[in-house]
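Participant: My questions all concern the structure below.
What follows draws every value from the coordinates through simple rules; no lab data is involved. Quick caveat, the model's predicted, so the values are computed rather than measured. With ideal geometry, Cβ positions are generated from the backbone for all residues, glycine too; neighbour counts draw on all protein chains shown.
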Amino acid sequence: MNDVLSSARVKTTGHYINGEETLQQDAPVIEVNSPLDGSVIGNVPVADGNLVRDAVNVAKNAFASWSEVPVKDRAQVLFRFKQLVENDLNALAELVSEENGKTHSESKAEIEKGLEVTEFATSLPQIYNQELLEVSRGVDCASRRYPLGVVAGITPFNFPAMVPLWMIPIAIGTGNTFIHKPSEQVPLTPNVLAEYLQRAGLPKGVYNIVHGDKTTVEALLDNNDIKAVGFVGSSAVAKLVYQKGTMAGKRVLALGGAKNHLVVMPDADADITAANVAASAYGCAGQRCMAASVLILVGNSDHILEKIIAEAQKIRAGINLGAVISPAAKQRIENYITRAEQNGADILVDGRNAFVKGKEQGNYVNPTIIAGVEPTNECACDEIFGPVLTVLRVGSLDEALAIENANPYGNAAAIYTTNGGTARYFSEKASAGMIGVNIGVPVPREPFSFGGWNSSRFGYGDITGMDGVRFWTNLKKITTKWTASAAKNWMS
């Protein structure tokens, strides 16, 4: 393991400002514990308004020169950054697992998805070109994108590498300078990414990190020099960030939570469906906004449910299932299961009281399947954010769609069927931004963009792909006439 990764552990992780880690005298710190075994793996400081202001000023000064760097040269930095991360992929995945709790393979997949967005950003010289059209005789119209200035990203605990990489490459590739506020529960990975960016040749001050809590977020939203904010987290907080940021005149895109429904038709391939549903519900311990949360069985689909139960029982904490982020998260998840049971639900698979030998202080919940509840039950409505799948039964696809479309979220919905007409009908009628057909985690691959509907998103557009380019830039239109023309019109 290289020095960048080894130095990230078991110390106070400083803010990263102007190309170096820095600590604020007498600032409070938050202890960072590994979800895997509860051990202390570091401390993270809390930035106050003064330090946030210092970081923004550094970024503001860096913007003057970085925004003038040709986009082809900015892309070269991202090429080198991608290569550095790929060279240390396994070691970086170990760090992600240690601070987040997911399995090593899941951590690798997270980083690779983030690098896919980075690769998209390296193509900016090809997709960022100026549009030009002769709109009238002797008159040209052109459009050109310009960076906004200092922008910020606020990212969650569940993907320490991927979600930051949804924002950073496109934001800095388009010429902005960036202030990053990661979750205080996973502060180590972002600082390592900062070191890789500097090694790749990113000038000091272009990417900066301020660690902290709610007060740090508020300081970012209150700062008038920050022109745009990207956010990923719960819907309740996303809405608050959107309201506060837009009231301050900022451009805001805040992605929130979800309650994703998987609809299983009787004609679905039982083996493929069972394996895919289990992977969707229990991958990353259910701590992802694209996880399967509600399984809707249409008609006589019990033969498929039996196979899903069998697949769930193959997944065990500490073997092929990671930990949830904290003791509080474990308790909250298990409380949902207990309340459902007390209210008469059938616990078909019970994940409470999970135990991993040698990691007794880890935060583990095994796969759980709850059945025998109404669509209005809290376990069928709330975002539990853990390895819990709630089963509902309906008589028709339209009944299933009614349940899906009544929920306030709109990230993902999926259907399992072997009938193309059924799949198309569902895809057109489901109220969600990302639809899966026989795919339980329908995360788009670049250049297709990531983003939900309804209360899963506050603001316009998606966070990656061309929508990401649009979000982090302003569009200028230039109309030019150099030669006289005999033809007269309103532009003459």
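Participant: What is the extension gain from Ser123 to Ala236, computed as 0.36 nm multiplied by their sequence separation minus the C-alpha to C-alpha distance, in nm to one decimal?
Facilitator: Extending this stretch completely gives an extra 37.2 nm.
Participant: Hey, another quick one. From the square roots a ≥ b ≥ c of the eigenvalues of the alpha-carbon gyration tensor of region 186-231, which class results: rounded (a/c under 1.5), prolate (a/b over b/c), or oblate?
Facilitator: oblate
Participant: With label points built 7 Å along Cα→Cβ from the Cα atoms of Glu86 and Ser396, find their separation and express it in nm.
Facilitator: With each label placed 7 Å out from Cα toward Cβ, I get 5.2 nm.
Participant: What number of lysine-lysine pairs in region 80-226 show an alpha-carbon separation below 19 angstrom, given a sequence spacing of 8 or more or placement on distinct chains?
Facilitator: 6
Participant: What fraction of the DSSP beta bridges in the chain is antiparallel, stated in percent and rounded to the nearest 5?
Facilitator: Once the DSSP bridges in the chain are tallied, antiparallel ones form about 40 percent.
Participant: Okay, moving on. Looking at region 324-371, which GluC sites (Glu not before Pro) are in a loop (DSSP not H, G, I, E or B) and have at most 10 other Cβ atoms within 10 Å?
Facilitator: Of the GluC sites (Glu not before Pro), the ones in loops of region 324-371 whose Cβ has at most 10 other Cβ atoms within 10 Å are Glu360.
Participant: I've got another one for you. If we sort 29-36, 68-75, 318-325 on the protection proxy, mean other Cβ atoms within 10 Å, highest first, what's the order?
Facilitator: By packing density, highest mean first, the sequence is 318-325, 29-36, 68-75.
Participant: Please compute the length gained on full extension between Trp482 and Ala310, using 0.36 nm multiplied by the number of residues separating them and subtracting their Cα-Cα distance.
Facilitator: Fully extending the segment from Trp482 to Ala310 adds 54.6 nm.
Participant: So, one more: With point charges of +1 on the Cβ of Lys and Arg and -1 on the Cβ of Asp and Glu, referenced to the Cα centre of region 260-437, which listed residue (Thr422, Gln287, Ile337) lies farthest in the positive direction of the dipole?
Facilitator: Gln287
Participant: Using only the Cα atoms of region 416-476, build the gyration tensor, take square roots of its eigenvalues as a ≥ b ≥ c, and label the shape rounded, prolate or oblate: rounded if a/c is under 1.5, else prolate if a/b is larger than b/c, else oblate.
Facilitator: prolate
Participant: Please report the spacing between the Cα centers of region 232-263 and region 381-442 in Å, no decimals.
Facilitator: Comparing the Cα centres of region 232-263 and region 381-442, I get a distance of 21 Å.
Participant: Additional query: Going from the alpha-carbon gyration tensor of region 120-162, what semi-axes, largest first and in whole Å, does one get by taking the root of 5 times each eigenvalue?
Facilitator: Value: 37, 13, 7 Å, ordered largest first.
Participant: Tell me the label-point distance for the pair Gln243, Glu374, using the 7 Å Cα-to-Cβ offset, in nm and rounded to one decimal.
Facilitator: Once both label points are built, they end up 3.0 nm from each other.
Participant: Given R₀ = 30 Å, what would the calculated FRET efficiency be for Ser65 paired with Arg144, taking r from the Cβ atoms and rounding to 0.05?
Facilitator: 0.95
Participant: If you don't mind, another one. Give the calculated FRET efficiency between Arg199 and Lys429 to the nearest 0.05, with a Förster radius of 45 Å applied to their Cβ-Cβ distance.
Facilitator: After rounding to 0.05, the efficiency reads 0.35.
Participant: Under a straight-distance cross-link criterion of Cα-Cα below 14 Å, which aspartates and glutamates are reachable from Lys429, leaving out those fewer than 8 residues away in the same chain?
Facilitator: Leaving aside aspartates and glutamates fewer than 8 places away in the same chain, those within reach of Lys429 are Asp398, Glu399, Glu404.
Participant: On to the next question. Rounded, prolate or oblate: pick one for region 260-437, where a ≥ b ≥ c are the square roots of the eigenvalues of its C-alpha gyration tensor, a/c under 1.5 means rounded, and failing that, prolate if a/b is larger than b/c, else oblate.
Facilitator: Here region 260-437 falls in the prolate category.
Participant: Tell me, in nm to one decimal, what length is gained between Leu132 and Asn57 on full extension, where the rule is 0.36 nm per residue of separation less the Cα-Cα distance?
Facilitator: 23.4 nm is the gain from fully extending Leu132 to Asn57.
Participant: A follow-up question, please. If you average the alpha carbon positions of region 119-157 and of region 285-357, how far apart do those two centres end up, in angstrom?
Facilitator: Here the two parts' Cα centres lie 45 Å apart.
Participant: Then there's this: What does the convex hull of the Cα atoms come to per residue for region 85-231, in Å³?
Facilitator: Cα-based convex hull of region 85-231, divided per residue, equals 125 Å³.
Participant: Pop a pseudo-label 7 angstrom from the Cα along the beta-carbon direction at both Ala109 and Asp271 and give the gap in nm to one decimal.
Facilitator: About 2.0 nm separates the two model spin labels.
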